[in-house]
Amino acid sequence: MDYLVVFLVLVVFLQTRITNLRRAVICLASQSLIIACACFWLGLSHGGGLHAMLPGLLTLAVKVIFIPGAVWHLVGKLTNEREILSESNVNYSTMAAALFLVLGYAIVERLLPGSVGRDIIAASILMIMTGLSLMVLRKRAIIQIVGLITLENGIYLLGLLMTEGLPLVVELGVFLDVLIAVVVLVILTSRMRLSFMTTDTSVMKKLKG
Amino acid sequence: MNFSISDLIYIILLLPVIFSLVSATNMLSRNVLHWLNRLTATCVAAALFLLVTSFDVNTPYGDEYLYLDALSVWMLLIIGTLYLAFAWTSKAYLDRDTNKRYGYLRRFGRLEGRFYALSHMFVWIMFVVVTVNNLGLMWVAIEATTLVSALLVAFKFTRTSLEATWKYVMVCTVGICLALLGTILVYYIQLTNIGPANPLNWLYLAQHVDGIDPAMAKFAFCFLFVGYGTKVGLAPMHAWLPDAHSEAPALTSGLLSGSLCICAIYVLIRNIIILLPSIGVDFISGLCLFFGLFTVAAAVPFVLVQRDVKRMLAYSSMENFGLMVAGLGLFVPMAAQAMLLHMFNHALVKYSLFYTAGTIMEEFGTKNMMRIHGMMTQTPRTALFWLLGIVGILGMPPIGVFFSKFYIIFGFFQAEHPWLGILMLLLLAGMLIGILYHVMRMFGGQAKRKSSGELFGFVDSAVLAGLLLFSCVASAGLSEIAVLNNLLTHAAQIVLGGVY
């Protein structure tokens, strides 16, 4: 489990450095793969069986295969688009991620001193905050979607640790929602490409006041 | 025929989704589609009427996944009324929007099927929100409403509607994710303090609230408040609300403003009932009052400088949501009852206002209020409904909003927050001046821009008149209508933490 946390933190930091959209999607998939491994690990420690393995299988199917697949497909259509600005905020988001990691450990030490999953809680706080910062600091629509999924993964990981997942029905519903959310966002992004000739969200600033 | 409560609930929960799937196939002709749409909504409304009249408030209905008490039935009543109004006004609206000459959707063929599929699905999910018994499933349903309504907000796929939808999905999903974190924390509280039986079941939790760790409960409540508060449109998190409400098709704006945001308040109330005994009234009351007043205060300046007619209505919705949340935070029976009544009145009046605003936009070919004049002479019928709705939403006597606003303000004084009550009155006065200034300019004066003539037909006039009249009669004669009065009193008791 410790190795998983180390890999996870590494992947999240990589996520903040990447500007290439395809690499960002691969990074997202590997991040979800680590979460799926954590699910399987937890399921095995509960004695296996379909019920215990279902969250892991769903994570694998939805977050590792379907969502990156859909976004990958979308990225494939985004050739020769109008380029607005380069990702100048990369350094800011990496620095923010470093701060969030320190913050995460500080919160854990303050709120739950000496708890078992200290590193995992810190990692999930890192993921939640980094997801938020990706959505706020970056302008490309795809990177914002990646940030949203990172945020969701972080909350999912926290839930996995604190309560060993939600009740099964609720968990299924959450997966369904994430799935539909990505479908809706992919539809919107491809529409955005048609209307604005770019997926840079900074061109959308007409609605004010 | 005799239906039991469970039959009626299954009728209410099955019909919209069946119609939605049928119309999604896009195989029906336009006329069949319009009539099936009306038929579905009317059947659901009839079932709802039977449910409201036969429901015994002292014996809530519950099974494995559903739970219905007075509060849920009250919410069903609000959503169901809007559903009926939606079904009977949608044909007129879609005919105008797909009109060959000037309609906005004329370039696309056969969009009615998609519009109906999404709208009925949207209403169906809201029915699910108020009938499920599980806090986790409530979260799932609220998130699903965001996603379905996002496709409705973006329905015209113009540049501005895409912008509004992107903001809507991003802001609301982040907010709702925080609410998921809050829900996970509630589950954690349940596992550590109560036990693993009946996970996240609302009734079970509400009956076993003793001995919850207050610090953890406070932590969970903060996340839930921020999360669902985003969906309600409370002030610092309201960025999506004016955009989504103004860019959506008029019918969708009405549903968004009238029923979606109060569904979020409903889920917040359900969570508050569980966490209230351990956190204490002061903390929750303080948060609700502060954010409620702040929301109203944030809306007032934007109304004064507004030019877009639907954006003005969106800010007026924000004002009303702020008032509702503040009323919730007072924790006196009068205010709780008035808040629920206000949800009802606001939904009915705001739906008719958004519909009228959509008509005005088509009659004058603009949504800039500065370019619309002389409505009284050019489009008298639209002007009449516009005036009645505006007078209503501002809280002037003939329409029901007057009563509910009055009782909420009265609640401020009852709960011994007189200064906050006076502040709220001043803010509402600012709102009234801002909106009336714009609306009166639209009414009178010389028309500089020729309108395309009166577009209000017979059916939609009748529906709108019915909505306004229902709001009047239900609130003014509340104590005379035993069914509604009973329902409302019990719902208010549930809001204040009385569980049966």
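A count restricted to segment A:163-190 and to residues that are at the interface with chain B (Cβ under 7 Å from one of its Cβ atoms) and either of a type in the set (D, E, K, R) or under 30 Å from B:Asn133 (Cα atoms) (or both) stands at 12. For segment A:162-181, the count of residues that are in contact (Cβ under 8 Å) with a residue 60 or more places away in the chain, buried (at least 17 other Cβ atoms within 10 Å of the Cβ) and hydroxyl-bearing (Ser, Thr, Tyr) is zero. Taking each residue of segment B:20-40 that is over 10 Å from B:Glu112 (Cα atoms) and looking for partners that are of a type in the set (S, T, N, Q) with beta-carbon atoms closer than 8 Å, six or more apart or interchain, yields B:Leu36/B:Ser23; B:Asn37/B:Ser23; B:Asn37/B:Ser90. So the check is Cβ under 6 Å with 6+ separation or different chains; which pairs have a first residue in segment A:191-209 that's at positive phi and within 8 Å of chain B (Cβ to nearest Cβ) and a second one that's surrounded by fewer than 11 Cβ atoms within 10 Å (Cβ to Cβ) and not in a helix (DSSP H, G or I)? Pairs found: none.
One residue alone among B:Gly395, B:Gly374, B:Gly365, B:Gly421 is among the small types (Gly, Ala, Ser), on the phi > 0 side of the Ramachandran plot and free of Cβ contacts under 8 Å to residues at least 40 places away in the same chain, and that residue is B:Gly395.
Filter segment B:278-306 down to the residues that are without any contact (Cβ under 8 Å) to a residue 24 or more places away in the chain and within 30 Å of B:Gln207 (Cβ to Cβ) and list them by number. Within segment B:278-306, just B:Asp282 meets the criteria.
Number of residues in segment B:144-173 that are at negative phi and facing another protein chain (nearest Cβ under 7 Å) equals 15. Of the helices (runs of 4 or more DSSP H) contained entirely in segment B:133-235, those carrying at least 2 residues that are without any contact (Cβ under 8 Å) to a residue 60 or more places away in the chain and farther than 25 Å from B:Glu319 by Cβ fall at B:135-153, B:159-193, B:214-232.
Taken together, the residues in segment B:428-451 that are closer than 27 Å to B:Lys91 by Cβ and surrounded by 15 or more Cβ atoms within 10 Å (Cβ to Cβ) amount to 2. Taking the conditions exactly as written (part of a loop (DSSP other than H, G, I, E, B) and small (Gly, Ala, Ser)), does B:Gly430 satisfy them or not? No; evaluated as a whole, the condition is false for this residue. Of all residues in segment B:175-188, one or more are facing another protein chain (nearest Cβ under 7 Å), more than 29 Å from A:Thr201 (Cβ to Cβ) and crowded, with 24+ Cβ neighbours inside 10 Å.
Scanning segment B:292-340 for residues that are of a type in the set (Phe, Trp, Tyr) and crowded, with 24+ Cβ neighbours inside 10 Å gives B:Tyr315, B:Phe321. Please go through segment A:130-142 and give me each residue that is touching a residue at least 24 places away in the same chain (Cβ under 8 Å) and in contact with a helix residue (DSSP H, G or I) (Cβ under 6 Å, 6 or more places away or on another chain), ordered by number. Across segment A:130-142, the qualifying residues are A:Thr130, A:Ser133, A:Leu134, A:Leu137, A:Lys139, A:Ala141, A:Ile142. For beta carbons closer than 6 Å, sequence separation of 6+ or different chains, a first residue in segment A:15-36 that is touching a residue at least 40 places away in the same chain (Cβ under 8 Å) and a second that is among the charged types (D, E, K, R) and crowded, with 21+ Cβ neighbours inside 10 Å, the qualifying pairs are A:Ser32/A:Lys63. Counting just the residues of segment B:189-199 that are within 19 Å of B:Val140 (Cβ to Cβ) and either touching a Pro at 6+ places or on another chain (Cβ under 6 Å) or modelled with pLDDT under 85 (or both), which one comes out farthest from the other protein chains (Cβ to nearest Cβ)? Within segment B:189-199, the match that is farthest from the other protein chains (Cβ to nearest Cβ) is B:Asn198.
The values are calculated or read from the model by the stated rules, or taken from the named source; none is laboratory data. It should be emphasised that the depicted structure is a prediction, and the values quoted were computed from it without experimental measurement. No Cβ is skipped: glycine too gets one built from the backbone with ideal geometry, and neighbour counts run over all protein chains shown.
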